[in-house]
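Engineer: My structure is below; once you've seen it, I'll send some questions.
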Amino acid sequence: MSAENQLAQRLRVCYGKDGRLAYLGHLEVMGTIMRSVRRSGLPFEVSNGFAHRMRIQFSQALPVGASSRAEYYDLMLPHEVDAEDALEALRRCTPAALAPVRATLLPRRMPALEAWADRAAWQVVLPCAARDAEGVTQAIDDVRARGVIEFMRGDKPRRLELERTFVAYELRTEGESLAMLLETRSTEQGSLRPAVLVQEICGRPPQRVCRLGQWHEEADGTLTSPM
């Protein structure tokens, strides 16, 4: 390995997604962030092959319309930089609704971020009144007892097993509204999207969805932060 390669690092960046940009698709978010990286002046590696692309990895795609407090990307650097200087440079060049909030340097050889971050927590405002909490609880328990949700994604039927993907939930009242804190797990078969669950239990889409955090679940069940 060359001396230059020995200095190679990955810069992991945590950012939010809010406001109108919550309605950007994942590809649009990726493109916006890559343009922001270029404007920041940070060094970055490019892939081999005919099309030289920025070497950057993103955490799992956020559903369109959902906001987030904890999205991540890994930028592959040809040499070490100061994490705080890099964070400040990215902040200056990134739209406020996607602004990075933390950055850290990590070892180069790590699992791909999208597959590694397999646990998530969500806040979901339901299309139900607070007085409907008992009925919503019963509907959730019925769906979990059934163990599967069948739904359409585009024009294709999907079937999602809940035994591993649905971890836990808690209902809370927010004034006259009803909110749910939902914990989910991603597996090789897929992941549970909050909107799919809410459509199943309420017959209507959620009012708001926000991803509160992402983690990696270790073999013993403990959760490891991406940072």
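The values are calculated or read from the model by the stated rules, or taken from the named source; none is laboratory data. Everything numeric in this text was worked out from a predicted model, so none of it was measured. Here the Cβ is made from the backbone with ideal geometry for all residues, glycine too, and neighbour counts use every protein chain on show.
Engineer: Is it the case that the range 18-31 has a residue that's within 23 Å of residue 107 (Cβ to Cβ) and either at pLDDT 95 or above or surrounded by 12 or more Cβ atoms within 10 Å (Cβ to Cβ) (or both)?
Structural biologist: Checked the range 18-31: no residue is within 23 Å of residue 107 (Cβ to Cβ) and either at pLDDT 95 or above or surrounded by 12 or more Cβ atoms within 10 Å (Cβ to Cβ) (or both).
Engineer: Consider residue 205 against the criteria (1) in a strand (DSSP E or B); (2) farther than 13 Å from residue 122 by Cα; (3) in contact (Cβ under 8 Å) with a residue 40 or more places away in the chain: it satisfies all of them except one. Which criterion is unmet?
Structural biologist: Single failed check for residue 205: (1).
Engineer: While we're here: Go through the range 208-227 and give me each residue that's of a type in the set (A, V, I, L, M, F, W, C), surrounded by fewer than 17 Cβ atoms within 10 Å (Cβ to Cβ) and either closer than 17 Å to residue 17 by Cβ or touching a residue at least 24 places away in the same chain (Cβ under 8 Å) (or both).
Structural biologist: 212, 223, 227
Engineer: Can you name every residue in the range 180-199 that is under 17 Å from residue 164 (Cβ atoms) and either without any contact (Cβ under 8 Å) to a residue 60 or more places away in the chain or in a helix (DSSP H, G or I) (or both)?
Structural biologist: Passing the criteria: 188, 189, 190, 192, 194, 196, 197.
Engineer: Sticking with this one: Filter the range 132-145 down to residues that are more than 24 Å from residue 161 (Cβ to Cβ) and either in contact with a helix residue (DSSP H, G or I) (Cβ under 6 Å, 6 or more places away or on another chain) or touching a residue at least 24 places away in the same chain (Cβ under 8 Å) (or both), then give me how many there are.
Structural biologist: The total comes to 2.
Engineer: Between 164, 158, 144, which is within 24 Å of the chain's Cα centre (by Cα), assigned to a strand (DSSP E or B) and surrounded by 11 or more Cβ atoms within 10 Å (Cβ to Cβ)?
Structural biologist: 158
Engineer: Within the range 78-97, track down each residue that is at pLDDT 95 or above and in contact with a Lys or Arg (Cβ under 8 Å, 6 or more places away or on another chain).
Structural biologist: Passing the criteria: 87, 93.
Engineer: Yes or no: residue 90 surrounded by 17 or more Cβ atoms within 10 Å (Cβ to Cβ), aliphatic (A, V, I, L, M) and within 19 Å of the chain's Cα centre (by Cα)?
Structural biologist: When the stated conditions are applied, residue 90 does not pass them.
Engineer: Which condition from (1) surrounded by 19 or more Cβ atoms within 10 Å (Cβ to Cβ); (2) at pLDDT 95 or above is the one that residue 138 breaks?
Structural biologist: Looking at each condition in turn, residue 138 falls short on (1).
Engineer: Also, I was wondering about something else. Looking at 129, 117, which is the one that is surrounded by 12 or more Cβ atoms within 10 Å (Cβ to Cβ) and at pLDDT 95 or above?
Structural biologist: 117
Engineer: Which of (1) at pLDDT below 95; (2) within 15 Å of the chain's Cα centre (by Cα) is the odd one out, the single condition residue 209 does not satisfy?
Structural biologist: All conditions pass for residue 209, except number (1).
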